[in-house]
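Step one of this worksheet: look at the structure below.
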Amino acid sequence: MTLMREQLLGKRIRFEKPEVLAPAGSLEKLKFAVHYGADAVYIGGQQYGLRSNADNFTFEEMREGVEFAEKYGAKVFVATNIYAHNEDIEGIEAYLKGIQDAGVHAIIVADPVIIETCKRAAPKLEIHLSTQQSTMNAGAVQFWKEEGIDRVVLAREATMEEIREIKENVEMEIEVFVHGAMCSSYSGRCVLSNHFTDRDSNRGGCSQSCRWKYDLFTTEEDTQIGIKEIPLFQEGDNPFSMSSKDLCMIEHVPDLIRAGVDSFKIEGRMKSVHYVATVVNAYRQAIDAYFEDPENYQMNPQWLYEIQKAANRPLNTGFFYDSPGHEDHIFEPEEKAAPYDFVGVVMEYDEATGTALIQQRNHFKPGQEVEFFGPKGTFFKQVVPEIFSQEGDKLDAARHPLQLIRMKVEAPVKPLDMMRKKFGK
């Protein structure tokens, strides 16, 4: 996908907007991602992906997801980005044909054998090179272009200047991660999980060992007891060693656009519906605002504040501007940036009575302050009034998972708008 580049060979040129590419660990997350503004979603199938613990898609679910996405002009990509061992090879051809038959637009792939098999067995699929390949320079991008790759997902270690140079020298779609968890290993190639848990990181089994808490110590020789361990922490410390802060580029959308990024990729196939909707919504609004008036674009602080309501960890800008240092890692217990609970989804709205039918996702009750939000900046606060069951019975709380309740709302809402509240409020 092409986009606007403010300066190219001294000329001002305007192209299409970059793509917002969202994670979708389930069919429900896919639908919310598209509803909240994603141009494309990436999912995992039952095999050959790096998130074996996600609610991965069957071929039938892929087909349903594609049909839903296409109604909104969105695309579906499937991650098939494992590094295959010999025992993984059997069945790849049939699997790729199944993805193609489901109507999927592209696969995301790292292993050359899967690339070559796809060209032969499923030629309708676009091939997007995974970040697992650590592509960081124009020569490498040119190589993959000549191999028939349609898009390259750059290594997360690529800087803004390196991205700009690649786009100036190679005509290739470039996708970069702009938001989400950062791996402590180079481009996600890690064997800590293999060593500690016998779960292969590069075949979908990563146990996120870098997020664990570790006791740190050194040793010295003691004449009486031999080797003596000396702790490098104090009692009561809660030490992390490799846990990096999360990436967030919402404040730097113009830089990404001007560098030539074609696809803004959000990490998080195992994150919640609330996370996916909130983050997609913020980047959608920022990109749209930039293209409405590039000369006078201003970052809206509300976009960052909204993202913080769904953030799991502190945020930084990764490798885009400088190599991360010690300040970009987490060494103390993590604190949620903005402590909010996702508590409900709007299912229906009756304009005549101002009443919404809400599906409960977390406990809430009358008297609590809640926020409603939806696509394109829909937002308002109110106190929960009396609530009722579908049958009209008055309730003291919405305490049952997926319970349907009715309540008055102070502004119009739409299906799939969300409701949240602060922890403990």
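The values are calculated or read from the model by the stated rules, or taken from the named source; none is laboratory data. Since the structure is predicted, the reported quantities are computational estimates derived from the model, not experimental observations. With ideal geometry, Cβ positions are generated from the backbone for all residues, glycine too; neighbour counts draw on all protein chains shown. These accessible areas exclude ligands, DNA and RNA; they are computed on the full protein's heavy atoms, side chains included. Shrake-Rupley method; radii C 1.70, N 1.55, O 1.52, S 1.80 Å.
Residues are listed down the side, and each one gets a yes or a no for (1) in a helix (DSSP H, G or I); (2) of a type in the set (A, V, I, L, M); (3) within 22 Å of LEU125 (Cα to Cα); (4) modelled with pLDDT under 95:
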site: TRP144; (1), (2), (3), (4): yes, no, yes, no
site: LYS167; (1), (2), (3), (4): yes, no, no, no
site: GLU171; (1), (2), (3), (4): no, no, yes, no
site: ASN194; (1), (2), (3), (4): yes, no, no, yes
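Scanning region 302-333 for residues that are of a type in the set (D, E, K, R) and part of a loop (DSSP other than H, G, I, E, B), we see that the one that is least open to solvent (accessible area, probe 1.4 Å) is LYS309. Can you spot a residue in region 221-244 that is within 16 Å of GLY318 (Cα to Cα), at pLDDT 80 or above and open to solvent by less than 40 Å² (accessible area, probe 1.4 Å)? Yes, region 221-244 contains a residue that is within 16 Å of GLY318 (Cα to Cα), at pLDDT 80 or above and open to solvent by less than 40 Å² (accessible area, probe 1.4 Å). Does GLY139 meet the test of being among the small types (Gly, Ala, Ser) and in a helix (DSSP H, G or I)? Here the answer is yes, as GLY139 does meet what is asked. When region 86-122 is limited to residues that are farther than 22 Å from GLU67 by Cβ and in contact (Cβ under 8 Å) with a residue 60 or more places away in the chain, the one that is most open to solvent (accessible area, probe 1.4 Å) turns out to be ASP88. Residues that are among the hydrophobic types (A, V, I, L, M, F, W, C), within 16 Å of VAL413 (Cβ to Cβ) and in contact with a Lys or Arg (Cβ under 9 Å, 6 or more places away or on another chain) within region 378-396 comprise VAL384, ILE387, listed in sequence order. Counting only residues that are open to solvent by 30 Å² or more (accessible area, probe 1.4 Å) and either of a type outside the set (Asp, Glu) or touching a Cys at 6+ places or on another chain (Cβ under 9 Å) (or both), region 290-301 holds 6 of them. Only one of the numbered conditions (1) modelled with pLDDT under 95; (2) more than 25 Å from the chain's Cα centre (by Cα); (3) not aliphatic (A, V, I, L, M) is violated by GLU116, and that is (1).
If I ask for residues that are open to solvent by 10 Å² or more (accessible area, probe 1.4 Å), of a type in the set (A, V, I, L, M, F, W, C) and at pLDDT 95 or above, which ones from region 173-192 would you list? Lay out the reasoning, then the answer.
Step one: of region 173-192, the residues open to solvent by 10 Å² or more (accessible area, probe 1.4 Å) are 173, 177, 181-186, 188-192.
The next check asks that each one be of a type in the set (A, V, I, L, M, F, W, C); those that pass are 177, 181-183, 190-192.
Answer for region 173-192, where residues must be open to solvent by 10 Å² or more (accessible area, probe 1.4 Å), of a type in the set (A, V, I, L, M, F, W, C) and at pLDDT 95 or above: just PHE177.
Residue count for region 362-379 satisfying the condition of being farther than 19 Å from ILE307 by Cα and open to solvent by 10 Å² or more (accessible area, probe 1.4 Å): 7.
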